[in-house]
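The values are calculated or read from the model by the stated rules, or taken from the named source; none is laboratory data. These numbers were taken from a predicted model, which means no experiment stands behind them. Glycine gets a Cβ as well: all are built from the backbone with ideal geometry, and neighbour counts include every protein chain shown. Remember, those area values only see protein heavy atoms, side chains included, never the ligands or the DNA or RNA. Shrake-Rupley method; radii C 1.70, N 1.55, O 1.52, S 1.80 Å.
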Amino acid sequence: METVTTIAELREKLGPLRRAGRSIGFVPTMGYLHEGHLTLVARAKAENAVSVVSIFVNPLQFGANEDLARYPRDLARDQALLEAAGVDFLFAPSVADMYPRPMETVVDVPKLGSELEGAARPGHFAGVATVVTKLFNIVQPDAAYFGEKDYQQVTIIRRMVEDLAQPVRVVPVPTVREADGLACSSRNVYLTPAERAAAVIVPNALDEAARLIRTGVTSISDLEARITAFLRREPLAEPEVVALRHPDTLEAIETVSGPVLLLLFVRFGRTRLLDNRVIDISSETGMEAA
Ligand SMILES: Nc1ncnc2c1ncn2[C@@H]1O[C@H](COP(=O)(O)OP(=O)(O)OP(=O)(O)O)[C@@H](O)[C@H]1O
Ligand SMILES: CC(C)(CO)[C@@H](O)C(=O)[O-]
Ligand code: BAL
């Protein structure tokens, strides 16, 4: 694996490979890698001739009071993991290389980006869309791999790619979980042991929602209230977003009449955990009694 730290050097390395017709698979990350990231990497490697992973903690997507400064970083450990995974190129640029002067240009998907996580983090998704567009322009991948854990993010990126005809195939990858069901996330390291133990309530709430829907609860407001109450049974959990939405458009719906997306943002202390599940009772087995 080669670690490349400048845009110019990466372009120099990838240009001949692209011109030789070798497909490039790209995994953008903010580092501090875990099994979720490594699953995206495995897909990118399996489906492309050349694999590129970026590690860049993007200041544009952090609000003034967020965790940019303390976001976990360990480049040496990440390099060892990516080397072992057989990645071809790690792109780890500095902020000065990505943003030599303040950005005047912004890519925004304002409607999808201003609600749910976007309502709690104003400007976050414009920061994501802008850096992902810039990374796509630098890497020019054939395919880019994103985790479904960040469901709103991948929905926004798919829409951006469609609207702007960006020549990239966006590949969503299912959420990878720890043994107790908690979604792998770099921010899990912020949790105290008590918060980590309590966090299992989040995947359990996804199961509870599926159970309620299977037993015939169809009112969205009823379901949201019952899932919020379920989460509140855990004293360390502070539910911030409990939303059932249309899985493709993220639009609000009133009743369950097909597949529905449950999005959860739950705070434990200062740490916000994300999770989600598309619940489709027509494809779920094991009907339960109410
Ligand atoms: N558990 C997971 N399963 C699959 N993909 C994941 C998982 N966690 C993160 N990803 C994906 O990895 C990519 C890089 O994400 P990022 O580096 O922000 O990691 P993260 O664990 O989501 O970090 P954070 O804790 O800051 O949310 C994103 O596409 C993200 O959706
Ligand atoms: C896609 C991304 C790498 C853009 O900075 C980031 O939002 C992330 O890690 O999910
Ligand atoms: N959603 C992953 C990146 C972030 O939280 O800023």
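Quick look at the numbers
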quantity	calculated
Extension gain from Asp97 to Thr218, taking 0.36 nm per residue of separation minus the Cα-Cα distance	38.5 nm
Of all DSSP beta bridges in the chain, antiparallel share, percent nearest 5	50 percent
Fully extended contour minus Cα-Cα distance, from Thr249 to Arg232, at 0.36 nm per residue	3.3 nm
For q = 0.07 Å⁻¹, Debye-computed log10 I/I(0) when each Cα of the chain counts as one equal scatterer	-0.28
Over the chain: helical MRE at 222 nm, DSSP H runs n ≥ 4 each giving -39500 (n - 2.57), nearest 500	-11000 deg cm²/dmol
Surface share of carbon and sulfur [accessible, 1.4 angstrom probe, percent] for region 1-108	53 percent
Probe 1.4 Å, protein heavy atoms only - accessible area per residue of the chain in square angstrom	46 Å²
With all protein chains modelled, accessible area of Phe136 [1.4 Å, Å²]	10 Å²
Distance in nm between pseudo-label sites at Arg19 and Ala49 (7 Å out along the Cβ direction from Cα)	1.4 nm
Convex hull volume per residue for region 153-195, taking Cα atoms only, in Å³	93 Å³
Reachable lysines, given that their alpha-carbon falls under 23 Å from the alpha-carbon of Lys111 and they are not under 8 places away in the same chain	Lys134, Lys149
